[in-house]
Amino acid sequence: MLYRESGQFKTSYRADQAIFPIRQDRIAIMALLAVVFILVPIVADEYWLGSILTPLLVLSLAAIGLNILTGYAGQLSLGTAGFMAVGAFAAYNLNLRVPELPLIVDFLLAGVFAALVGMVFGLPSLRIKGFYLAVATLAAQFFIEWVFTHVGWFTNYSSSGVISAPPMVIMGVTVDSAVEKYLLTLVMVAVLALAAKNMVRSRIGRSWMAVRDKDVSAEVIGIPLLATKLSAFGISSFYCGVAGALWTYCYLGTVEPAAFDLSRSFQVLFMIIIGGVGSILGSFLGAGFIVLLPILLNNIAAMIGHGTLQADTMANLEHIIFGGLIIFFLIVEPHGLARLWQIAKEKLRLWPFPY
């Protein structure tokens with residue numbers, strides 16, 4: 001069997017603490033990166049790159065941010081889209097009012113602004129938790145959306161409230177094609193996903209999980225609750241803020257509050273539930289499920305109906321099947337698709353001996 005770790009000895013702490021300790025996993029990751037960085041931009045057309053893969057990557061980044069907060073730190077949040085909006089409008093205003101800053105710095109500073117806002121709305125987490133905290137973050141969602149709709153300074157006093165994103169120029173190179181936007185998004189997502197993977201294995205990640213499992217016990221062993229929870233809110237919002245900036249610049253091309261409404265928050269929440277709560281891989285799997293499955297169902301319905309089905313009928317059929325599949329997956333494996341992938345790997349490592 002190819003997927004087996006027998007004979008792979010670790011002779012140092014560094015090798016023992018590697019992110020991917022099994023050689024086959026490292027080879028698979030390298031092959032996957034080669035495919036998404038080299039093969040996909042060559043074979044995929046403009047529609048797939050600009051309308052499917054780029055938003056999938058951005059939503060994966062937002063799902064990683066929410067997974068840090070909800071999956072690893074145990075703090076429920078329904079304000080993900082609000083923090084994405086902070087990042088989007090911060091990047092736009094930085095680009096507009098401080099044009100000397102490089103665009104990548106604008107994106108990172110947008111994440112910092114979103115982190116500050118997230119930490120402010122994370123202050124109630126010391127006194128409330130669970131559904132009460134979810135309602136508090138829901139208030140953040142409505143408040144942020146209202147501010148960007150009614151305060152004209154953020155939209156540069158645009159009469160319509162919808163403004164075009166400025167052209168992207170990085171180191172003198174204009175980024176305007178679907179391939180260039182896809183590669184820019186991919187680089188940002190890959191770097192931040194690797195950082196998140198390392199972060200959750202570090203001291204701060206273990207503090208988050210200790211607070212998630214039992215906050216009273218975590219406080220007894222010396223973990224500061226307020227600092228730990230606020231760090232989770234801040235880092236989570238940073239990821240969401242960068243995702244919001246990428247959503248505006250690389251996917252929509254416009255800056256508008258309606259793109260970050262409550263349904264966007266629920267969409268990201270469904271991604272981590274289906275993909276796997278407390279899993280970086282699950283963030284990508286959940287985003288892929290939410291983005292790609294409706295397209296697949298739509299194509300199947302078109303093939304079965306031979307173009308005779310009405311558009312509204314197909315939309316309703318898609319929603320019914322999509323909802324049914326979500327319920328089915330949650331019943332079969334409530335820990336998400338990432339857990340199914342982990343079980344498959346464990347069985348392959350033991351095959352053909354089940355015990």
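The values are calculated or read from the model by the stated rules, or taken from the named source; none is laboratory data. No experiment lies behind these values; they were computed from the predicted model shown. Every residue, glycine among them, receives a Cβ derived from its backbone with ideal geometry; neighbour counts consider all protein chains shown. To get the accessible areas, we keep the full protein, side chains included, count just its heavy atoms, and leave off ligands, DNA and RNA. Shrake-Rupley method; radii C 1.70, N 1.55, O 1.52, S 1.80 Å.
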Members of the stretch 242-260 that are surrounded by fewer than 24 Cβ atoms within 10 Å (Cβ to Cβ) and not in a helix (DSSP H, G or I):
G253, T254, E256
Considering only residues of the stretch 141-181 that are open to solvent by 80 Å² or more (accessible area, probe 1.4 Å) and under 25 Å from the mean Cα position of the chain (by Cα), which is farthest from P257 (Cα to Cα)?
D176
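Per-residue answers, yes or no, for (1) polar (S, T, N, Q); (2) without any contact (Cβ under 8 Å) to a residue 24 or more places away in the chain; (3) closer than 23 Å to E145 by Cβ:
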| position | (1), (2), (3) |
| --- | --- |
| P224 | no, yes, no |
| V242 | no, no, yes |
| S265 | yes, no, yes |
| G282 | no, no, no |
| G288 | no, no, no |
| P294 | no, no, no |
Please identify the pairs in which a residue from the stretch 202-215 that is in contact (Cβ under 8 Å) with a residue 60 or more places away in the chain and assigned to a helix (DSSP H, G or I) has its Cβ atom under 6 Å from the Cβ atom of a residue that is open to solvent by 30 Å² or more (accessible area, probe 1.4 Å) and not hydroxyl-bearing (S, T, Y), counting only partners at least 6 apart or on another chain.
G205/M199; R212/G74
What about I22, is it within 20 Å of G275 (Cα to Cα) and surrounded by 14 or more Cβ atoms within 10 Å (Cβ to Cβ)?
no
The stretch 51-102, residues that are of a type in the set (F, W, Y) and either open to solvent by less than 10 Å² (accessible area, probe 1.4 Å) or out of contact with any strand residue (DSSP E or B) (no Cβ under 7 Å at 6 or more places or on another chain) (or both):
Y72, F83, F89
Per-region count, the stretch 119-134, residues outside any helix (DSSP H, G or I) and surrounded by 13 or more Cβ atoms within 10 Å (Cβ to Cβ):
1
For the stretch 293-337, give me each residue that is open to solvent by less than 80 Å² (accessible area, probe 1.4 Å) and either at pLDDT 90 or above or not hydrophobic (A, V, I, L, M, F, W, C) (or both).
P294, N298, G305, G307, T313, E318, G323, G324, E333, G336
